[in-house]
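The values are calculated or read from the model by the stated rules, or taken from the named source; none is laboratory data. A quick note: this is a predicted structure, and the numbers were derived from the prediction, not measured. For neighbour counting, all protein chains shown are included, and Cβ atoms are generated from backbone atoms with ideal geometry for every residue, glycine included. Ligands, DNA and RNA are excluded from the accessible area calculation, which covers all protein heavy atoms including side chains. Shrake-Rupley method; radii C 1.70, N 1.55, O 1.52, S 1.80 Å.
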Amino acid sequence: MSYYKIDSLEQYFKHYNKSIREPRKFWGKIAEENFTWYQQWEKVVDFNMAEADVKWFVDAKVNIVKNAIDRHLARRGNKTAIIFEPNNPDEPALHITYNELHQRVCKMANVLRAQGIAKGDRVCIYLPMIPELAVAVLACARIGAIHSVVFAGFSAAALATRINDSDCKMVVTSDGGFRGNKTIGLKSIVDEALQSCPSVKSVLVAKRTNDEISMHADRDIWLQPLLDEASDNNVAEIMDAEDPLFILYTSGSTGKPKGMVHTTAGYMVYTAYTFKNVFNYEENDIFWCTADIGWITGHSYILYGPLLNGATTVMFEGVPSHPDFSRFWEVIEKHRVTHFYTAPTAIRALAKENIDYIQPYPLKSLKVIGSVGEPINEEAWHWYNDHVGGKRCPLVDTWWQTETGGIMISPLAFITPTKPTYASLPLPGIQPVLMDEKRNEIEGNQVTGSLCIKFPWPAIARTIWGNHQRYKDTYFSTFPGKYFTGDGALRDEVGYYRITGRVDDVVIVSGHNLGTAPIEDAINEHPAVAESAIVGFPHDIKGNALYGYIILKETGESRDRNNLANEINMMISHQIGPIAKLDKIQFVNGLPKTRSGKIMRRILRKIAEGDFSNFGDISTLLNPEIVEEIKDGRI
Ligand code: 6R9
């Protein structure tokens with residue numbers, strides 16, 4: 001019996017139970033039957049949770065790119081691996097076959113080696129969403145260099161911090177990048193960053209915008225001429241199962257960014273397995289994840305997960321609003337996309353626009369739609385389900401984190417009955433538990449608590465680069481022996497999980513624990529509201545009171561603000577209780593968001609508290625200018 005693919009709900013429960021009773025047999029069999037190895041493992045898993053030490057497939061030897069590309073060539077050489085859809089809809093899309101991808105990755109791997117990059121070296125990749133990005137990532141993995149992709153929207157300061165934290169030896173970038181109607185001068189950002197990055201010896205520069213840039217002699221080299229000269233014969237590096245594959249910095253909504261380290265074999269097995277089962281991917285499907293490869297979602301579900309399954313994956317350079325709000329729907333029709341995976345923040349932004357942007361698109365090619373990145377509120381869930389999924393595509397709300405490497409709690413498309421706003425059931429191998437304030441495990445159903453995972457899974461991050469102590473402190477000390485996610489969750493009467501938001505987003509008002517997410521849900525149901533964010537602020541009597549930042553829809557703009565505020569509070573009162581009413585409501589034009597769509601609540605909290613002294617690092621914000629605007633409008 002094979003465990004790689006789950007075909008029914010009954011089988012899910014069977015596999016799940018097996019994975020808990022006999023995790024070694026379960027993962028060992030999956031690893032053995034679905035991947036090619038240079039050498040088998042001595043042990044499937046070895047761990048000490050208290051020390052935050054986890055190893056999977058101990059002593060096995062493998063190369064993830066051999067599995068993601070070479071392994072498919074005999075059967076799928078002429079199949080499209082990557083569809084590249086450019087920012088400008090008039091520029092033709094590229095279809096890169098597995099053969100072509102193999103050739104490009106081998107050439108790039110040879111270029112990297114010729115430039116002195118060897119196994120274990122860190123390479124920072126700062127590229128827009130163009131094929132060179134995928135090729136650079138895979139070429140690093142092929143030769144065992146550790147890739148550290150930095151989202152090409154980060155500032156020079158944020159880039160420099162990340163380069164220096166892991167002492168990258170090389171940066172791969174481009175002259176610039178296109179995003180909507182903007183052109184971003186990436187190379188000049190790199191130039192600025194490198195003024196304070198002594199570890200970087202060379203910079204490879206791809207051409208995208210053809211803008212004039214400055215090239216520093218002895219450091220900067222145009223990439224294309226090197227590729228043209230390079231051989232496409234490349235012998236992949238033999239990697240240990242636990243050799244680091246990549247470093248990825250978490251979005252940094254709190255404190256200094258953490259360089260999460262993922263290793264080779266466990267990450268490979270888990271991303272492949274979860275991709276196959278959560279999305280129920282079949283051979284000729286076209287999978288589109290709209291994330292940027294600069295985020296974990298792009299690593300795991302644009303590149304590794306799909307390619308490990310021999311899938312066709314779409315890489316989109318642009319943004320949902322360019323040239324207009326039909327862009328996503330147009331791309332789905334154009335490439336007959338079957339699987340569409342995006343974030344609630346994008347859904348809400350699109351739902352806010354005129355329905356005429358989506359209505360002309362039948363979207364009949366779609367089979368499965370997915371959500372990731374934050375809790376999806378009820379209204380957005382229904383809009384997505386009705387207008388994009390046509391009420392016929394399963395909507396998989398996938399809960400996971402940079403640290404978890406792959407999807408942890410999610411419906412399996414066509415198998416798990418979905419329930420709005422619920423991530424539903426854990427994947428096989430995942431043992432979620434809810435913990436109370438006294439650090440006890442909460443048994444039974446219809447309960448809420450802090451979400452922990454009590455047994456390691458193959459793709460768990462192994463450490464924070466250069467700081468194992470911080471890794472241990474952050475994830476394994478709050479609830480000793482368990483991995484603490486930082487999220488709160490509710491387990492309903494049938495055992496489905498709903499992620500209620502970061503535990504640090506809980507506000508205690510008059511002794512009541514109030515999660516901000518359900519209050520925001522209630523507010524967002526008001527027809528005039530587009531989006532909202534709630535934080536706590538100190539209150540003499542209640543301990544804390546609630547401050548709401550609210551963005552109105554265009555239709556709400558003309559309404560009287562006092563009336564609106566009253567209506568909103570009545571809705572909260574009705575849905576959650578008078579305890580959750582907002583003491584202050586500020587109508588705003590935007591919320592400070594990180595590029596993965598997370599609201600940077602610490603800033604909103606400071607503004608609500610009237611403390612404008614130090615907002616800390618806001619370089620990771622998509623819209624830093626909104627901070628001043630909100631501050632000026634504080635009530
Ligand atoms: C994959 C990714 C992780 C945090 C996580 C949680 C939130 C992600 C979610 C979700 C509710 C979902 N989150 N998916 N919350 N439902 N389906 O987003 O990784 O950027 O590290 O963020 O995002 O709070 O802890 P990352």
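Summary table below
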{"read-out": "Residue match in segment 400-410 (condition: open to solvent by 10 Å² or more (accessible area, probe 1.4 Å), out of contact with any strand residue (DSSP E or B) (no Cβ under 6 Å at 6 or more places or on another chain) and touching a residue at least 12 places away in the same chain (Cβ under 8 Å))", "value": "yes"}
{"read-out": "Close pairs from segment 424-435: first on the phi < 0 side of the Ramachandran plot, partner assigned to a loop (DSSP other than H, G, I, E, B) and at pLDDT below 95, Cβ under 9 Å, at least 6 apart", "value": "433/479; 435/478; 435/479"}
{"read-out": "Considering residues of segment 399-417 that are in contact with a helix residue (DSSP H, G or I) (Cβ under 6 Å, 6 or more places away or on another chain) and within 12 Å of the ligand (Cβ to nearest atom) only, the residue farthest from residue 6 (Cα to Cα)", "value": "402"}
{"read-out": "Subset tally (residues that are assigned to a loop (DSSP other than H, G, I, E, B) and either within 30 Å of the chain's Cα centre (by Cα) or in contact (Cβ under 8 Å) with a residue 12 or more places away in the chain (or both)) for segment 545-599", "value": "14"}
{"read-out": "Cβ pairs under 9 Å, 6+ apart, first in segment 162-179 and part of a strand (DSSP E or B), second of a type outside the set (A, V, I, L, M) and at pLDDT below 95", "value": "177/153; 179/153"}
{"read-out": "Residue under evaluation residue 357, criteria (1) touching a Lys or Arg at 6+ places or on another chain (Cβ under 7 Å); (2) more than 14 Å from the ligand (Cβ to nearest atom), criterion not met", "value": "(1)"}
{"read-out": "Residues satisfying the stated conditions in segment 483-501, i.e. away from the ligand (no atom under 12 Å from the Cβ) and either under 18 Å from the mean Cα position of the chain (by Cα) or not in a strand (DSSP E or B) (or both)", "value": "492, 493, 494, 495, 496"}
{"read-out": "Only one of 517, 528, 533 that is touching a Ser or Thr at 6+ places or on another chain (Cβ under 9 Å), more than 15 Å from the ligand (Cβ to nearest atom) and within 23 Å of residue 379 (Cα to Cα)", "value": "528"}
{"read-out": "Members of segment 526-544 that are modelled with pLDDT of 90 or more and more than 26 Å from the chain's Cα centre (by Cα)", "value": "526, 527, 528, 529, 536, 537"}
{"read-out": "The lone exception for residue 584 - which of (1) more than 16 Å from the ligand (Cβ to nearest atom); (2) open to solvent by 50 Å² or more (accessible area, probe 1.4 Å); (3) of a type outside the set (A, V, I, L, M, F, W, C); (4) modelled with pLDDT under 95 it fails", "value": "(4)"}
{"read-out": "Residue 169 being modelled with pLDDT under 95 and surrounded by fewer than 22 Cβ atoms within 10 Å (Cβ to Cβ)", "value": "no"}
{"read-out": "Test: residue in segment 254-269 that is away from the ligand (no atom under 16 Å from the Cβ), touching a residue at least 40 places away in the same chain (Cβ under 8 Å) and among the charged types (D, E, K, R)", "value": "no"}
{"read-out": "Near pairs, Cβ below 8 angstrom, 6+ apart or cross-chain, from segment 344-358 (more than 15 Å from residue 398 (Cβ to Cβ)) to any residue that is buried (at least 20 other Cβ atoms within 10 Å of the Cβ) and of a type in the set (Ser, Thr, Tyr)", "value": "351/384; 357/326; 358/326"}
{"read-out": "Flag if residue 623 is within 16 Å of residue 530 (Cβ to Cβ) and open to solvent by 50 Å² or more (accessible area, probe 1.4 Å)", "value": "no"}
{"read-out": "Residue match in segment 64-71 (condition: closer than 19 Å to residue 280 by Cα and either part of a loop (DSSP other than H, G, I, E, B) or in contact with a Cys (Cβ under 9 Å, 6 or more places away or on another chain) (or both))", "value": "no"}
{"read-out": "Counted residues, segment 434-446 - those being touching a Gly at 6+ places or on another chain (Cβ under 8 Å) and either closer than 14 Å to residue 409 by Cα or open to solvent by 80 Å² or more (accessible area, probe 1.4 Å) (or both)", "value": "1"}
{"read-out": "Criterion violated by residue 420 - all others in (1) within 16 Å of the ligand (Cβ to nearest atom); (2) surrounded by 20 or more Cβ atoms within 10 Å (Cβ to Cβ) satisfied", "value": "(2)"}
{"read-out": "Matching residues in segment 364-394 - criterion: being within 15 Å of the ligand (Cβ to nearest atom), open to solvent by 10 Å² or more (accessible area, probe 1.4 Å) and either among the aliphatic types (A, V, I, L, M) or modelled with pLDDT of 95 or more (or both)", "value": "372, 381, 385, 394"}
